[in-house]
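Colleague: I'd like to ask you about the structure that follows.
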Amino acid sequence: MGTDTVRTAASDEAAERRREQRGWYFYDWACSVYSASVLTVFLGPYLTSVAKEAADADGYVHPLGIPVRAGSFFAYSVSLSVILAVVVMPLVGAAADRTGRKKRLLGVTAYVGATATTGMFFLGGDRYLLGGALLVVANASMSVGTMLYNSYLPQIAPPEERDAVSSRGWAFGYAAGSLMLIVNLVLYLAHDSFGVSESTAVRICLASAGVWWGGFAIIPLRRLRDRSRTGPAVPREATAPGLRQLVATIRDMRRHPLTLSFLLAYLIYNDGIQTVISQASVYGSEELGLDQSTLIGAVLLVQVLAVAGALGMGRLARTYGAKRTILGSLVAWTLTLGAGYFLPAGAPVGFFLLASAIGLVLGGSQALSRSLFSHLVPPGKEAEYFSAYEMSDRGMSWLGPLLFGITYQFTGSYRDAIISLVAFFVIGFVLLARVPVRRAIGAAGNPVPEKI
């Protein structure tokens, strides 16, 4: 009787865990359309056109009296959103760990971001300031919400399940981004057939991402649950202003140098990944002479193949371990950049092959890095440590674009600029290979999985 009771309790616990995991996947499904449709495809060109409409005769707009070239307004707005997120994330992360009310904070960030994105429907004319403000709020909310979402991983999946769970989450996100991007592109390319102007079609695409984000966020918010704190008490400094909390988080991480070593490796190779993503379209248009439709098609191809890549690399991790699989993906990134260097101009087929290779390694690299880091987080500090991880993902990725820009400035060649990014994957590979992950997991106070 006692054995049956134990088995029933274990079965119920496993069923509840799977239910919560399925709910967790749907936050990636909800918010990834913002990255795919809004940030990657539509908002940059549209907000730039709105800023140019408001510009003076010299091509400047004047937010808060500061002269800014209209063509730079979008980039500056993105940068401002990153700065805001970097200040807010450590504060929210520590508050989530201290109070245990992570789900409530996730709901706030989700609906603030979704509301700001839906409000982009009202952009038009010369309302560039409205567009910049909505972008800052939406992008910062996306970063903070993703940090909270990621910090659930070690709580909803035991060590042996995390690679697979993390990979499925990324796959859900890329699948949603692909689906919404297809719908948006149909509306955008055939706007006349739907009886709307091109501008109205873009604004509908922007707002639809916000509606999608807010609508599907209901699922994880219903299924995820808050947990009481475990581990040592979080000090009162957790309520300090964001920058002070960031310093406190880094100081605490120094007590776990192996975790910090992994984070450094991730910061470097992820900087290379983010730069390839952001600069691939520039390389395609300026160096290879490809048109906008080809570039948009390549973005969609990356989204679709990233689903298969995330799931496929998750399966490889079950056989070879997450660390070896990530190291293999860094080799693949290096070979992909090498192939990109030799692509002939005016060859869309070659560019699509390059996009295919990027898609296949993109989702897996990110998913397995997240799951591996989750093993290195001390219990009770999930949100706080994932705030540092998220800043590495979003807030610290500036060295790659800087190297890309400097290389182009001195050589005048986008081919030299793209191949210079190999350095991030080589250095990241060396640093990650030197991290003794089994010892790092044990030092963080977590059980060591059989395959890691």
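The values are calculated or read from the model by the stated rules, or taken from the named source; none is laboratory data. Just so we're clear, the structure is a prediction, and the values are computed from it rather than from any experiment. Cβ: placed from backbone, ideal geometry, glycine included. Neighbour counts: every protein chain shown. Side chains included, ligands, DNA and RNA excluded: accessible areas come from the protein's heavy atoms. Shrake-Rupley method; radii C 1.70, N 1.55, O 1.52, S 1.80 Å.
Colleague: Tell me whether segment 81-103 contains one or more residues that are in contact (Cβ under 8 Å) with a residue 60 or more places away in the chain and of a type in the set (S, T, Y).
Modeller: Looking for residues that are in contact (Cβ under 8 Å) with a residue 60 or more places away in the chain and of a type in the set (S, T, Y), one finds at least one in segment 81-103, hence yes.
Colleague: Identify the residue in segment 119-130 that is open to solvent by less than 30 Å² (accessible area, probe 1.4 Å) and out of contact with any Ser or Thr (no Cβ under 8 Å at 6 or more places or on another chain) and, among all such residues, is farthest from W213 (Cα to Cα).
Modeller: Y128
Colleague: Out of all the residues in segment 432-446, which are out of contact with any helix residue (DSSP H, G or I) (no Cβ under 7 Å at 6 or more places or on another chain), open to solvent by 50 Å² or more (accessible area, probe 1.4 Å) and assigned to a helix (DSSP H, G or I)?
Modeller: The answer is R438, and nothing else.
Colleague: With respect to G100, determine if the residue is out of contact with any helix residue (DSSP H, G or I) (no Cβ under 8 Å at 6 or more places or on another chain), over 13 Å from S387 (Cα atoms) and open to solvent by less than 40 Å² (accessible area, probe 1.4 Å).
Modeller: yes
Colleague: Among the residues that make up segment 343-354, is at least one of them modelled with pLDDT under 85 and surrounded by fewer than 20 Cβ atoms within 10 Å (Cβ to Cβ)?
Modeller: Yes, because at least one residue in segment 343-354 is modelled with pLDDT under 85 and surrounded by fewer than 20 Cβ atoms within 10 Å (Cβ to Cβ).
Colleague: If you go through segment 316-357 one residue at a time, how many are more than 21 Å from L431 (Cα to Cα), within 26 Å of the chain's Cα centre (by Cα) and of a type in the set (A, V, I, L, M, F, W, C)?
Modeller: Residues in segment 316-357 being more than 21 Å from L431 (Cα to Cα), within 26 Å of the chain's Cα centre (by Cα) and of a type in the set (A, V, I, L, M, F, W, C): 8 in total.
Colleague: Does segment 373-385 contain any residue that is part of a helix (DSSP H, G or I), under 30 Å from T319 (Cβ atoms) and at pLDDT below 85?
Modeller: Yes, some residue in segment 373-385 is part of a helix (DSSP H, G or I), under 30 Å from T319 (Cβ atoms) and at pLDDT below 85.
Colleague: For segment 306-325, which positions are aliphatic (A, V, I, L, M) and open to solvent by 40 Å² or more (accessible area, probe 1.4 Å)?
Modeller: A308, L311, L316
Colleague: Moving to a separate point now. Among the residues of segment 404-431, what is the count of those that are open to solvent by 50 Å² or more (accessible area, probe 1.4 Å) and in contact with an Asp or Glu (Cβ under 9 Å, 6 or more places away or on another chain)?
Modeller: Total meeting the criteria: 2.
Colleague: Between G124, G131, which is on the phi > 0 side of the Ramachandran plot and more than 21 Å from the chain's Cα centre (by Cα)?
Modeller: Exactly one residue qualifies, and that residue is G124.
Colleague: Can you spot a residue in segment 96-119 that is under 26 Å from L402 (Cα atoms) and either in a loop (DSSP other than H, G, I, E, B) or not charged (D, E, K, R) (or both)?
Modeller: no
Colleague: Which one of these is modelled with pLDDT of 90 or more, open to solvent by less than 50 Å² (accessible area, probe 1.4 Å) and over 18 Å from the mean Cα position of the chain (by Cα): T259, T294?
Modeller: Only one candidate qualifies: T259.
Colleague: Could you please let me know if A55 is of a type in the set (A, V, I, L, M) and crowded, with 24+ Cβ neighbours inside 10 Å?
Modeller: In short, no.
Colleague: While we're looking at this one, here's another question. Could you please let me know if L295 is without any contact (Cβ under 8 Å) to a residue 24 or more places away in the chain, of a type in the set (A, V, I, L, M), assigned to a helix (DSSP H, G or I) and more than 29 Å from V430 (Cβ to Cβ)?
Modeller: So L295 fits the description; yes.
Colleague: Something else: Enumerate the helices (runs of 4 or more DSSP H) found wholly within segment 141-227, keeping only those where 3 or more residues are at pLDDT below 90, open to solvent by less than 30 Å² (accessible area, probe 1.4 Å) and of a type in the set (D, E, K, R).
Modeller: Of the helices (runs of 4 or more DSSP H) lying wholly inside segment 141-227, none has at least 3 residues that are at pLDDT below 90, open to solvent by less than 30 Å² (accessible area, probe 1.4 Å) and of a type in the set (D, E, K, R).
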